[in-house]
Amino acid sequence: MKLLHTADLHIGAELAYLDSLRESRKYEVLETFKNICGLCVKENVEFCLISGDLFDSNAAAAEFAEPVFRYMREAKNTNFLYVAGNHDPLDSSSPFKNFTLPENLTVFGEEYETVEFPEFKVRATGRSFSHSSMSFCDMPKMPQDNFINLLLLHADFGAGDSSYNPIGTSFVENCGADYLALGHIHKRTAVEKIGNTWLSYCGCPDGQGFDEAGEKGVYVGIINKDGCRLHFTPCSSRIHVVKKFDLSEAKNTEDAKKTILDALLFELGENYDRNLYKLTLVGTPENLGDINISELLAELKGKLYFVKIKNRLKQKLDLDLLSKEISLKGLFVNRMLEKIKSADDTDKKKLIDALYLGLDAFDGEVAYDED
Ligand SMILES: [Mn+2]
């Protein structure tokens, strides 16, 4: 049996960080769902499992529900299975209660429900969130026979104190499913087997912030009683990229821009300008004043779909001269230079950073920044 597993599209989400791009971006995420339905057609997917948070909220959903349901109808040979998540709970404002639903869509209610598809020898069980925070305390009941048992849940696996339906290993071991399709955690996990049950978080198919960086997608593949072969299929409309650039060698703004764009092209390919970037600039250029950060940002904005910059550049200092100062500062630089001389390349970089941070500390308070 061929399935596709997705979750957490959050269609309609207000992404404030995108400023003027926020409206058009909503429609791109809707387009991602259209592409997922297109993939179902192309790959002859028999079951499309959507494990919650299809919409970012029930309020936002109304505007997007009509096209979402139309895309499902168009993929007429695919059976869509849905459980509601904490963002789009199955309450009276849910579009799943207020729109005419496609015939090929099954929405599971607020108690465990089971639907059988005898022609596929498939039995699907699921349970929706009906409020934004929930804990399902009872177990699903799935007969053990020659049917493939699918279980869809929006749940927080391995987080005992979560408000979002926490489940643990013993739940999985006793649930009776052949495949447990999880939603809620936006970071994809590998498909693993616990007891007799295969399970995964497929992750969100389109990142919606720099904490959701990298290629995103869905799981597609075959499951039967003998095993489960799902592969990751990318489908993000754009990728969030978080990168650090060392601009120590950059002579001026133009040079800095070229260093950045050349590296992005090399690493991300010719469509690199479609992505969203959060760039941290580090290093110690000879003439810091020759790099104009506002101008650099404006130039990059002209080239890239979205970019923001965190500037951590520091003026290069004459460390040998500083080390000769007869002061605590001189002594500090002297000791650090000795350490740097005997360090390997990775440690050298860290020690130089530490030296510059230490020098900042002589001038005032230094905030620690993980980036
Ligand atoms: Mn979510």
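The values are calculated or read from the model by the stated rules, or taken from the named source; none is laboratory data. This is a predicted model, so every value here is computed, not measured. In this analysis, Cβ positions are derived from the backbone assuming ideal geometry, glycine residues included, and neighbour counts consider all displayed protein chains. For accessibility, only protein heavy atoms count, side chains too; no ligands or nucleic acids. Shrake-Rupley method; radii C 1.70, N 1.55, O 1.52, S 1.80 Å.
What the table below lists for this structure:
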quantity: Surface accessible to a 1.4 Å probe, Tyr112 within the full protein complex, Å²; calculated: 40
quantity: Candidates per GluC sites (Glu not before Pro) in segment 278-371, loop by DSSP, up to 14 other Cβ within 10 Å; calculated: Glu286, Glu325, Glu365, Glu370
quantity: Area of Phe99 that stays accessible when all protein chains are in place (1.4 Å probe, Å², to 10); calculated: 70
quantity: Viscosity 1.002 mPa s, 20 °C: Kirkwood-radius Stokes-Einstein D of the chain over Cα pairs, µm²/s; calculated: 91
quantity: Karplus-derived HN-Hα couplings along segment 179-189 (A = 6.51, B = -1.76, C = 1.60, θ = phi - 60°), whole Hz, x at Gly and Pro; calculated: 9, 10, 8, 9, x, 2, 7, 7, 8, 5, 10
quantity: Probe 1.4 Å, protein heavy atoms only - accessible area per residue of segment 1-157 in square angstrom; calculated: 40
quantity: Over 31 Å between alpha carbons, listed pairs Lys314/Lys339; Lys42/Lys243; Lys34/Lys141; Lys243/Lys341; Lys244/Lys329; calculated: Lys42/Lys243; Lys34/Lys141
quantity: Rounded to 5, the percent of DSSP beta bridges in segment 2-234 classed as antiparallel; calculated: 40
quantity: Dipole in debye (nearest 20) - the chain, about Cα centre, beta carbon charges: Lys, Arg +1; Asp, Glu -1; calculated: 540
quantity: Accessible surface of the chain, 1.4 Å probe, proportion on carbon and sulfur as whole %; calculated: 49
quantity: Positive-end extreme of charge dipole, the chain - chosen from Tyr164, Met134, Phe266 (charges on Cβ); calculated: Phe266
quantity: Within-11-Å neighbourhood charge of Glu299 [Cβ basis; K, R +1; D, E -1]; calculated: +2
quantity: Cleavage-rule hits (GluC sites (Glu not before Pro)) in segment 1-93: DSSP loop, at most 10 neighbouring Cβ within 10 angstrom; calculated: none
quantity: Highest to lowest packing among 116-128, 306-318, 176-188, 134-146, scored as the average C-beta count within 10 Å; calculated: 176-188, 116-128, 306-318, 134-146
quantity: Antiparallel content of DSSP bridges confined to segment 141-248, in %, to 5; calculated: 50
quantity: Segment 316-371: translational diffusion in µm²/s, Stokes-Einstein, Kirkwood Rh over Cα pairs, 4 °C, 1.567 mPa s; calculated: 110
quantity: Mean-position separation - Cα centroids, segment 117-153 and segment 282-303, in angstrom; calculated: 55
quantity: Phi-based couplings in Hz for segment 139-156 (Karplus 6.51, -1.76, 1.60; Gly and Pro marked x); calculated: 9, x, 10, 10, x, 9, 8, 8, 7, 7, 9, 9, 10, 10, 8, 8, 7, 9
quantity: Percentage relative contact order, the chain, counting C-alpha pairs under 8 Å, at least six apart; calculated: 12
